[in-house]
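The values are calculated or read from the model by the stated rules, or taken from the named source; none is laboratory data. Predicted model, so just to flag it, every value in this text is computed and none were measured. Because the Cβ atoms are built from the backbone with ideal geometry, glycine has one as well, and the counts that use them run over all protein chains shown. The protein model used for the area step is the full one, side chains on, heavy atoms only, and it has no ligands, DNA or RNA in it. Shrake-Rupley method; radii C 1.70, N 1.55, O 1.52, S 1.80 Å.
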Amino acid sequence: MAKHSPVAMALFRKRWLTVVALLVMVSVTTAIAFIVRASLESSCDCRLYTTNQKRYNSSPGSAKPIGVAVTQSPLSFMKSRLVLLVSHELSLSGGPLLLMELAFLLRGVGAEVCWITNQRPSETNNIVYSLEHKMLHRGVQVVSAKGQEAIDTALKADLVVLNTAVAGKWLDAVLKEHVPQVLPKVLWWIHEMRGHYFSLDYVKHLPYVAGAMIDSHVTAEYWKNRTQERLRIKMPKTHVVHLGNSNELMEIAEDSVAKRILREHVRESLGVRNEDILFSLINSVTRGKGQDLFLRSFYESLQIIQERKLQLPSIHAVVVGSDMTSHSKFETELRNFVISKKIQNYVHFVNKTLTVAPYLAAVDVLVQNSQARGECFGRITIEAMAFQLPVLGTAAGGTQEIVTNGTTGLLHPVGKEGIMPLAKNIVRLATHVERRLTMGKKGYEKVKETFLERHMEERIAGVLKDVLQKAMEHQRT
């Protein structure tokens, strides 16, 4: 989710109407939505970069309009600093997209930013090409993961950010004997919650970096305990940084006209009516994200509605994050389940996409059904709350730090034990419109208080200052 800075209303309206017009002209299938976004970025990103500098007074000599207060970015101290960002991959998953957002925030205040993708595919696919093009257009230098340029950049950088635990393998593979020189200026940004990431192959250097940044308190505690118990190593100073919604997303979420047009268009493409009630799970289709259990819950909710003879508009399940080309075993299971239960008319699979806003505008409730230890944070949760959607989430991981149970959404257990509670919660929100709307409004208020881009910038700025201070102290000694 790329970052869009606020601009003059007239300019925003003009550009937004252009986007809407394009969306209306094409199908909302993911492949075409992705192409539309890519085609717009050449003009859009240029505006974003220049307006990001207008938003913040990052240049001491910049002119200030008389009587207009100029806000300084919390990250303005990063101007002219060299930052190397190392990602384990470049894809549409949460980790790489978050690191890209950090890259654009740093570029917006005048930092020099270099990007390395450690596991880059040998043949560039459309997604990698589009994301790299986007970074290059925003002034981010893309550097090969291997070779002398990568080593030189790491040694010269003021700050090195490793993104995800898996990125740790890059240190020994590329830097080799230079690793000790680089570790004191490394910030390790960790998003993982799965047990197999606790391997010394990935994180043996973790105790020696300047700091770790983790997206939720529950994940930070989990990493602290598991590294000590399983690996016998100690975590570095760890900073918990809750994420925030991009300005771009908030602009759309707060534009009632744009939301109405997107809602009508997406619903038309799905073949559902305006009055139908849509429950959506927006995540990569994998077992850990719980699409299988969500569909079982959805089926059970249909049974409850039928047994109680409830008079309701049709309810639908929308699974966004599918991959129409891979046809994985898990996705085949999902589709076979839908067919076996004869609910094809009520379940819709949508291909994975960067453009989640149209779907958030179109649905009524977000389902966050990540299993096991849940999401580290779950960015889609706060994005849905920005669109005033209530959230039905698992009582696990970072979701518990976002969703206030009974106020901004309803929580249910993970695993098979959560199937019937989620089904009942689906029926509860389907039958109580006022409660659904009230929860959505409360969620939006919480976003405005805690989960905006400026909140995330402030939190990250505090971490970067601390890491830079440690790096300078180590250099002096």
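Roughly how many Å is it from the Cα centre of the range 420-449 to that of the range 100-157, as a whole number?
The two parts, judged by their Cα centres, are 40 Å apart.
Tilt of helix 9-25 relative to the longest C-alpha principal axis of the chain, in degrees (0 to 90, nearest 10)?
With rounding to tens, the tilt is 60 degrees.
Are there GluC sites (Glu not before Pro) in the range 255-329 that DSSP marks as loop and that have at most 12 other Cβ atoms within 10 Å, and which are they?
Hits after loop and neighbour filter: Glu275.
By how many nm would the segment from Lys342 to Asp323 lengthen if fully extended, with 0.36 nm per residue of separation less the alpha-carbon distance?
4.7 nm
What shape does the range 128-242 take by its C-alpha gyration tensor, where a ≥ b ≥ c are the square roots of the eigenvalues and a/c under 1.5 counts as rounded, a/b above b/c as prolate, and the rest as oblate?
Verdict is prolate for the range 128-242.
Compute the angle between helix 256-270 and the longest alpha-carbon principal axis of the chain, please, reported from 0 to 90 degrees and rounded to the nearest 10.
Around 60 degrees separate the two axes.
Probe of 1.4 angstrom, ligands and nucleic acids ignored: what's the accessible area per residue over the range 311-441, in square angstrom?
37 Å²
So how do 458-471, 381-394 stack up, highest first, on mean other-Cβ count within 10 Å?
381-394, 458-471
Rounded to the nearest 0.05, what FRET efficiency is calculated for Arg308 and His133 with R0 set to 45 Å and r the Cβ-Cβ distance?
0.30
At what distance in nm do the modelled label points of Val142 and Lys176 sit from each other, each positioned 7 Å from its Cα along Cα→Cβ?
2.7 nm
Using just the helices of the chain, give the 222 nm mean residue ellipticity in deg cm²/dmol: DSSP H runs with n ≥ 4 each add -39,500 (n - 2.57), and the total is spread over all residues, rounded to 500.
When only DSSP H runs of four or more count, the value is -14500 deg cm²/dmol.
For the range 114-185, which GluC sites (Glu not before Pro) pass both filters: DSSP loop (anything but H, G, I, E, B) and at most 13 other C-beta atoms within 10 Å?
The qualifying sites are Glu123.
Could you list the residues of the range 332-352 with an amide nitrogen less than 12 Å from a label point located 7 Å from the Cα of Arg273 in the Cα-to-C-beta direction?
Residues passing the 12 Å test: none.
What is the spin-label model distance, in nm, from Glu333 to Asp152 if the labels are put 7 Å beyond Cα along the C-beta direction?
5.0 nm
Alpha carbon centre of the range 246-319 versus the range 174-213: separation in Å?
39 Å
Tilt of helix 453-476 relative to the longest C-alpha principal axis of the chain, in degrees (0 to 90, nearest 10)?
Tilt relative to the chain: about 30 degrees.
Work through the residues other than Lys416 whose Cβ is under 11 Å from its Cβ and net out their charges, Lys, Arg +1 and Asp, Glu -1.
-1
Within the range 357-384, which residues have the backbone N less than 18 Å from the label spot 7 Å out from Lys448 along Cα→beta-carbon, could you tell me?
Residues 382-384 fall inside that zone.
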